Amino acid sequence: MELAGGVVVVIDAIRASVTIAKALSEGARAILPVLTAEEAREKATALRLSRRNTSSEQRVLLGGERGGVMIDGFDLDNSPFSYQRERVGGASIVFTTSNGTAGLLHAKQASKILVGSFVNLTRVCNEVALDPRPVHILCCGTRTDISLDDVLVGGAMAQRLIARGRQTPSDDSWQVATMLWERVSAGGFDSIIRAMCESRGGRNMVTLGLRRDVEFCSTIDAVPVLPVFDASTGIIDSGIIDSGTIDAWPA
């Protein structure tokens with residue numbers, strides 16, 4: 001996939017994309033995605049030292065997971081419910097997850113990189129619908145495997161963008177994704193939750209007792225923010241919350 005010059009929407013539906021959006025909606029100053037836990041610790045240490053030298057009071061937190069659970073010594077896991085304003089407001093969060101942060105860094109050659117999921121579906125689609133540049137939907141998957149939860153979100157985005165006049169890709173990936181989304185969404189919210197729970201990532205969350213996380217990750221437009229990743233600075237920050245202006249496109 002040639003990403004240079006285009007717009008990329010990176011989807012890690014359970015849970016990194018959702019947690020990033022939730023953190024920004026709760027007042028986090030920025031998210032800094034990195035590949036490894038060790039890199040996260042080193043970056044956090046360097047940021048804390050830098051801010052101490054400049055008398056900055058901005059907090060630096062470590063967030064992320066491996067195997068769905070919080071990394072030893074980190075401040076936060078990868079559950080959107082952990083990212084409440086009293087914990088993350090005003091903080092910069094160095095963030096690493098099993099799949100989502102790798103997907104973001106893979107897209108670094110793109111002209112614009114957005115973080116997408118069900119919880120900000122309309123906000124993301126509104127942002128890219130009229131952008132003249134090629135739009136790529138990047139489903140992170142699980143390591144090298146396809147993940148049903150990411151494909152469902154990709155299908156929902158593709159359906160909406162095609163309805164708004166975007167050109168279809170030359171391959172059949174969009175048809176696979178949109179047909180899956182149309183079949184699942186025909187059964188309503190309960191059907192979406194069931195499919196998300198039956199995905200590989202969803203099954204792992206349910207096993208860990210985190211079905212509530214999956215249900216939140218399945219809720220369309222629950223967190224209408226626009227996380228934008230600037231690969232040149234390594235920072236994700238937020239677009240303006242789009243309250244009260246959500247288009248009435250079919251869910």
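The values are calculated or read from the model by the stated rules, or taken from the named source; none is laboratory data. Note that the coordinates shown come from a computational prediction; the quantities given were computed from them, not determined experimentally. Reconstructed Cβ throughout: ideal geometry from the backbone, glycine too, with neighbour counts over all protein chains shown.
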Identify all residues within the stretch 165-183 that are not small (Gly, Ala, Ser) and not in a helix (DSSP H, G or I); write none if there are none. Arg166, Gln167, Thr168, Pro169, Asp171, Asp172
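Give the stretch 101-154 a look and list any residue that's in a helix (DSSP H, G or I), among the acidic types (Asp, Glu) and either over 17 Å from Ser185 (Cβ atoms) or at pLDDT below 95 (or both), or say none. Reasoning before the result, please.
To start, the set of residues in the stretch 101-154 that are in a helix (DSSP H, G or I) comprises 101-106, 118-128, 148-154.
Checking which are among the acidic types (Asp, Glu) leaves us with 127, 149-150.
Listed by number, the list holds a single entry, Glu127.
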Restricting the search to the stretch 74-100, which residues are assigned to a loop (DSSP other than H, G, I, E, B) and polar (S, T, N, Q)? Asn78, Ser79, Gln84, Thr97, Ser98, Asn99
Among (1) farther than 28 Å from Ser111 by Cα; (2) modelled with pLDDT of 95 or more; (3) not in a helix (DSSP H, G or I), there is one condition Arg41 misses while meeting the rest; what is its number? (3)
So which of Phe95, Phe74 is over 15 Å from the mean Cα position of the chain (by Cα) and not charged (D, E, K, R)? Phe74
Can you say whether Ser17 is within 27 Å of Gln109 (Cβ to Cβ) and touching a helix residue (DSSP H, G or I) at 6+ places or on another chain (Cβ under 9 Å), as far as the supplied structure shows? yes
State yes or no: is Val69 touching a helix residue (DSSP H, G or I) at 6+ places or on another chain (Cβ under 7 Å) and more than 15 Å from Gly6 (Cα to Cα)? no
Just checking, how many residues over the stretch 200-251 are hydroxyl-bearing (Ser, Thr, Tyr) and at pLDDT 90 or above? 5
Within the group Arg123, Arg87, which residue is basic (Lys, Arg), over 29 Å from Leu3 (Cα atoms) and crowded, with 18+ Cβ neighbours inside 10 Å? Arg87
